[in-house]
Amino acid sequence: MQTYDLIIIGAGPAGITATVYAARKKMDFLVITGDIGGQTAWSSDIENYTGYQFISGPDLVQKFEEHMRSYHTNVKEGEGVTEVEKSAGLVLVKTDKGLEYQAKSVIIASGKRSRELNVPGEKEYRNKGVSYCATCDGPIFSAKDVAIIGGGNSALDACLQLIRIARQVYIINNVPQLAGDAIMRQKVEAAANVSIFNNSKVTAVLGDKMVKAIRINQEGEEKTLSVQGVFVEIGLIPNSDFVKGVEKNAQGEIIINNRNATNIPGIFAAGDVTDVSEKQIIIAAGEGSKACLSAFRYLARH
Amino acid sequence: MAKKVKIYSTPTCPWCIRVKQFLKENNIVFEDYDVSSDPAKAEEMVKKTGQMGVPVLDIEGEIIVGFDKEKIKASLGF
């Protein structure tokens, strides 16, 4: 088996920036990723990435990808990593295509994914009314009734998009009050077609081929709401399950030091999958470059 | 003879934008249906695929849900 200097897992802002640095250092490396762009591809408007006063998520991802490809980078796209383990001084990476790769070092930049409700019907009706991206799927629910699950900023953002599209919007929030920014909260509360259910949990998604209703429990009382769409906006969880032996915090984020090293020599991590203090595109990009430079120094010593 | 490509999409969906960019880069001509403003086409898409996610590509009857580069390449032969 070929031994690479470095394997980069993930191609969001952190992973792609790491590839640019790895290419310029002429490292012998490989990128393994399910998709290109990660969460950035799902962002609508970006106004805080230096150099761009305004750019859309897809456009920024295209710029990132062009930059990465300009170095003829070896990218295994559409391949999911299932296991990362260090043994005998090398890091072994297994993927869902049944393939194995090995390298002297890895950078884990696998980001975060939407948290799921874990209630009956959720998986069955995914893309059949259940969605995790209001920006993407919202417009299909024109003049229909929808429920948004969650009460934070992402739920409010989804709500503000959907009140202009859907007929009736229900917010199912499991705490006594909506969280999130005051400006957004006020807009949501003032909208004529929004009903807010606080202290409420979704217990099931019901349907027949497509979503027809959700069942909720509000302080012990069961209710059924007729909806065609369910937007799940209850936060994100790190894609860190596949990494063996690496220290993680209570949220499952990989713990790194200020040089992006984990507790295992040769395994580095960057971006939203780590416990870095803020989750921003520009921070993830910076972390990707730091992780690559740290890996480069590590390789010089080993 | 080039295959006829139809896309069911919405203006805001990032993967719709990316799939259209990808087809344009490869000089593929396609017909684009905006399912957010065309309820009949939205219904047609749901009937064809049994699901509501966009984008959906219809390449002469072969249905591809999502931006699946490999499937698109295989279907269009490049």
- Message: So, in the range A:25-59, how many residues would count as being touching a residue at least 24 places away in the same chain (Cβ under 8 Å) and in a loop (DSSP other than H, G, I, E, B)?
- Response: 11
- Note on the structure: Out of (1) out of contact with any Lys or Arg (no Cβ under 8 Å at 6 or more places or on another chain); (2) open to solvent by less than 50 Å² (accessible area, probe 1.4 Å); (3) among the β-branched types (Val, Ile, Thr), the one A:Val175 does not meet is (2)
- Message: Tally up the residues in the range A:113-171 that are open to solvent by less than 30 Å² (accessible area, probe 1.4 Å), of a type in the set (Gly, Ala, Ser) and more than 10 Å from chain B (Cβ to nearest Cβ), please.
- Response: 8
- Query: Looking at A:Ala204, A:Ala213, A:Ala295, which is the one that is within 25 Å of A:His67 (Cα to Cα) and either modelled with pLDDT under 95 or open to solvent by less than 20 Å² (accessible area, probe 1.4 Å) (or both)?
  - Reply: A:Ala295
- Query: Quick one: would you say A:Ser240 is in a strand (DSSP E or B), among the hydroxyl-bearing types (Ser, Thr, Tyr) and modelled with pLDDT of 95 or more?
  - Reply: no
- Task: Name the single residue, out of those in the range B:34-75 being away from chain A (no Cβ under 12 Å) and assigned to a strand (DSSP E or B), that is farthest from B:Ser9 (Cα to Cα).
- Result: B:Glu62
- Item | When residues of the range B:28-72 are limited to those that are charged (D, E, K, R) and in contact with a Lys or Arg (Cβ under 8 Å, 6 or more places away or on another chain), the one nearest to A:Glu77 (Cα to Cα) | B:Asp58
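The values are calculated or read from the model by the stated rules, or taken from the named source; none is laboratory data. Just so it is clear, the structure is predicted and the values come from calculations on it, not from any experiment. FYI the Cβ positions are ideal-geometry reconstructions off the backbone, even for glycines, and counts take in every protein chain you see. Surface accessibility is based on the protein's heavy atoms, side chains included, excluding ligands, DNA and RNA. Shrake-Rupley method; radii C 1.70, N 1.55, O 1.52, S 1.80 Å.
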